[in-house]
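Only the coordinates and a few stated rules stand behind these numbers; no lab work does. In this text the structure is predicted, and so the values were computed from the model without any measurement. Heads up, the Cβs are rebuilt from the backbone with ideal geometry, glycines too, and the neighbour counts pull from every protein chain shown.
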Protein chains: 2
Amino acid sequence: MGRRSDHTREQLREMIIAAGHREMAEAGYARFSARQVAKTIGYAIGTIYNVLGSYDQLVLAINGRTLDLWCDYLGSRLAGVNDDRLRAAIDAYFEFAILNRNAWGALYDFRLPPDEALPEYYAAKVTAITDLVVQEVASALPPAHIGEAPALARSLLASVHGHCVFTLNGTFQLLGEGDPLGAALARVRDAMARFG
Amino acid sequence: MGRRSDHTREQLREMIIAAGHREMAEAGYARFSARQVAKTIGYAIGTIYNVLGSYDQLVLAINGRTLDLWCDYLGSRLAGVNDDRLRAAIDAYFEFAILNRNAWGALYDFRLPPDEALPEYYAAKVTAITDLVVQEVASALPPAHIGEAPALARSLLASVHGHCVFTLNGTFQLLGEGDPLGAALARVRDAMARFG
DNA sequence: TTAAAATATTAGACAGTGTTCAGTTAACCG
DNA sequence: CGGTTAACTGAACACTGTCTAATATTTTAA
């Protein structure tokens, strides 16, 4: 029916993303369905496509929400920490991933078709998280080597990410690794040891 | 119809996995379809379910094939290498992933439902690859620390894996990382530097 | 030789999915 | 009042994985 008790496109977009994020968190990427999102907010599927444009854009918007939450989580987890902030950052990385398995996993389960580029708004959110890490690495680096912070941060991010993936997908359990977080921290320490 | 020019279950299983692996390599996990596999080998879908049991078992079998190929690739790439075998191993890890983007990606895109355990045959294949790496790490370690090889190998595997993931999913490109392989190697060197 | 059992294979129904779009409803504006 | 515009629907389409009753052939046993 027309617009008896309608929302504006902006409000509806927000409702869809919020409900979508909830469903992604509960069902996980493999069982996520746009139709189910429509059902839970009481709209027809067509509406979701009118507002978001496509399934891929919907998932991207939901993942964008997850990135926002992740960035906030890292920020709040680091606020007020004075010593060993690098360790706190790694802890927070793992914590968020474990606390939000499904939503976090969707960040990597979903990929745009190879010919399509990430929307700028999404790239900015990824960069925001990265910049946070770059800053922490820079603070932990001797002043003479601060210029290497961005490259080192990217690499450490990848290392920690790998440990996080192997933790959540069961690889570490299969291999008998009992302390994934400790291992990740050890690798970061090894890398920092290169600089005094 | 019946079994006029039929194959034995064993032969058919092999045909399905081979064709499935081919389709996975071409289409990727997101676009992979059991029905398409059936079509390319000229059988009905039902047959695939009779032979493999379920979609998940089919993908697992295909991924198992990929693990076999991966293990062989690592082995042959290391054969005859005398110095810096660790570097050769990392190179081979990246090479295989890049040369087999889709099949390699499916290894991690697919996950069994959380309540189901990996079949033993599959776990064995994962362990086979890991053992290869453990051996290389052990060789590169001072004799006094050989006992730490398994744990270190798992951790280095995770680190390299993280770099590999960020390379293939575009994260490194987004962040301006131009030498992912070099970064991965640097992290491994840092870790080995801990031991003399 | 013949009947029974085992095997290989199919067809088709079922309940889902993403996607599209012509059409409907209701509010707003001149 | 009539026209424009924005919000929204729902049916149709072409797929998907899953299951099962039925069928065709071969093997085995009596």
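How large is the dipole of the range A:78-147 about the Cα centre if only Lys and Arg carry +1 and Asp and Glu carry -1, each at its Cβ, rounded to the nearest 20 debye? Spell out each step's value before the answer.
On the way: 5 positive and 10 negative charges, 20 e Å.
Value, rounded to 20: 100 debye.
Return the single residue from B:Leu86, B:Leu58, B:Leu112 with maximal mean-square fluctuation; model: Gaussian network over chain B, springs between Cα atoms under 10 Å.
It is B:Leu112.
Between copies, how far apart are the A:Asp56 label points? List them in nm, one decimal, shortest first, with each point 7 Å from Cα toward Cβ, please?
2.9
For the range B:60-193, how big is Rg over Rh, using alpha carbon atoms and the Kirkwood form of Rh?
0.97
If I take the rotation axis that carries chain B onto chain A, which residue of chain B has the nearest beta-carbon, and at how many angstrom?
Nearest-to-axis residue on chain B, with distance in whole Å, is B:Gly162, 1.
Enumerate by residue number the trypsin sites (Lys or Arg not before Pro) in the range B:1-106 meeting two conditions: DSSP loop (anything except H, G, I, E, B), and at most 15 other Cβ atoms within 10 Å of the site's Cβ. Could you put the intermediate results ahead of the total?
Working: sites: B:Arg3, B:Arg4, B:Arg9, B:Arg13, B:Arg22, B:Arg31, B:Arg35, B:Lys39, B:Arg65, B:Arg77, B:Arg85, B:Arg87, B:Arg101; in loops: B:Arg3, B:Arg4.
Passing sites in the range B:1-106 are B:Arg3, B:Arg4.
May I ask you to report, in nm to one decimal and beginning with the shortest, the distances from B:Ala79 to the same position in the other copies, taking label points 7 Å along Cα-to-Cβ?
Here the equivalent label points are 5.9 nm apart from this one.
In nm, what does the list of distances from A:Gly147 to its counterparts in the other copies look like, shortest first, when each label sits 7 Å along Cα to Cβ?
Ordered by distance, the counterparts are at 4.4 nm.
Among A:Ala183, A:Gln11, A:Gly28, pick out the residue whose Cα is farthest towards the positive end of the charge dipole of chain A, where Lys and Arg carry +1 and Asp and Glu carry -1 on C-beta, about the Cα centre.
A:Gln11
Limiting things to C-alpha atoms, what are the Rg and the maximum Cα-Cα separation (Dmax) for the protein assembly as shown, in angstroms?
Considering the protein assembly as shown through its Cα atoms, Rg and Dmax are 22.9, 78 Å.
Please list, by residue number, every one of the GluC sites (Glu not before Pro) in the range A:100-196 that is coil in DSSP and has at most 13 other beta-carbon atoms within 10 Å.
Those that pass, being in a loop and sparsely packed, are A:Glu116.
Counting other C-beta atoms within 10 Å, and keeping those with at most 12, which DSSP coil trypsin sites (Lys or Arg not before Pro) do you find in the range A:126-196?
none
For chain A, set up a GNM with springs between Cα atoms under 10 Å and report which of A:Ala144, A:Ala30, A:Ala18 has the largest fluctuation.
A:Ala144
Cα centroids of the range B:98-172 and the range B:54-85: how far apart, whole angstrom?
Each part's Cα centre sits 11 Å from the other's.
I'd like the mean, over residues of B:160-172, of how many other protein chain beta carbons sit within 10 Å of each residue's own Cβ. Don't skip to the end; give the middle numbers.
Numbers: counts 3, 8, 14, 7, 2, 5, 8, 1, 1, 5, 7, 8, 4.
Counting other chains' Cβ atoms within 10 Å and averaging over B:160-172 gives 6.
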